[in-house]
1. Out of all Cα-Cα pairs in segment 56-107, roughly what percent, to the nearest whole number, are more than 16 Å apart?
2. Using a Förster distance of 30 Å, how high is the FRET efficiency between Asp68 and Phe100, based on the Cβ-Cβ distance and rounded to 0.05?
3. Set the Förster radius R0 to 25 Å, insert the Cβ-Cβ distance between Ser89 and Arg13 as r into 1/(1 + (r/R0)^6), and round the FRET efficiency to 0.05.
4. With every protein chain left in place, what is the accessible area per residue of segment 67-107 in square angstrom, probe 1.4 Å?
Amino acid sequence: MNMASVKVAVRVRPFNQREIDLNSSCIVEVEDKKTRLINHKVNTIEGGENRERIKDFTFDYSYWSHRDSDRHFAPQEQIYEDLGTDVVSNALQGYNACVFAYGQTGS
């Protein structure tokens, strides 16, 4: 049994209708545990100051649920298997368990 006290996961959601209507582009990429943010507005040198165009973050889990047609799409069932089963199992065994989910406003 995995008794890690905290697991951190990030999930890239599909665009909402407002984002679709605005012809938004996705600035997030996911590969294994790595989540990459790409700032398309930053030039290599901006005002004489170097700014990072790409920022990488590593989490316990990084899920791609932006487009279900993509090869690495993570369905709800996978997220439950990876994260939910331990929480439910531990709760049923009498341990305290909590899932804290935070999402972007309006998503």
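1. Working: 764 of 1326 pairs.
It works out to 58 percent of all Cα pairs.
2. Numbers: r = 26 Å, r/R0 = 0.85.
Rounded to the nearest 0.05, the efficiency is 0.70.
3. Numbers: r = 26 Å, r/R0 = 1.06.
The value I calculate is 0.40.
4. 85 Å²
The values are calculated or read from the model by the stated rules, or taken from the named source; none is laboratory data. Small disclaimer: the values here were computed from a predicted structure and weren't measured. Neighbour counts run over all protein chains shown; Cβ positions are idealised from the backbone, glycine included. Heads up: the accessible areas ignore ligands, DNA and RNA and are worked out on the full protein's heavy atoms, side chains in. Shrake-Rupley method; radii C 1.70, N 1.55, O 1.52, S 1.80 Å.
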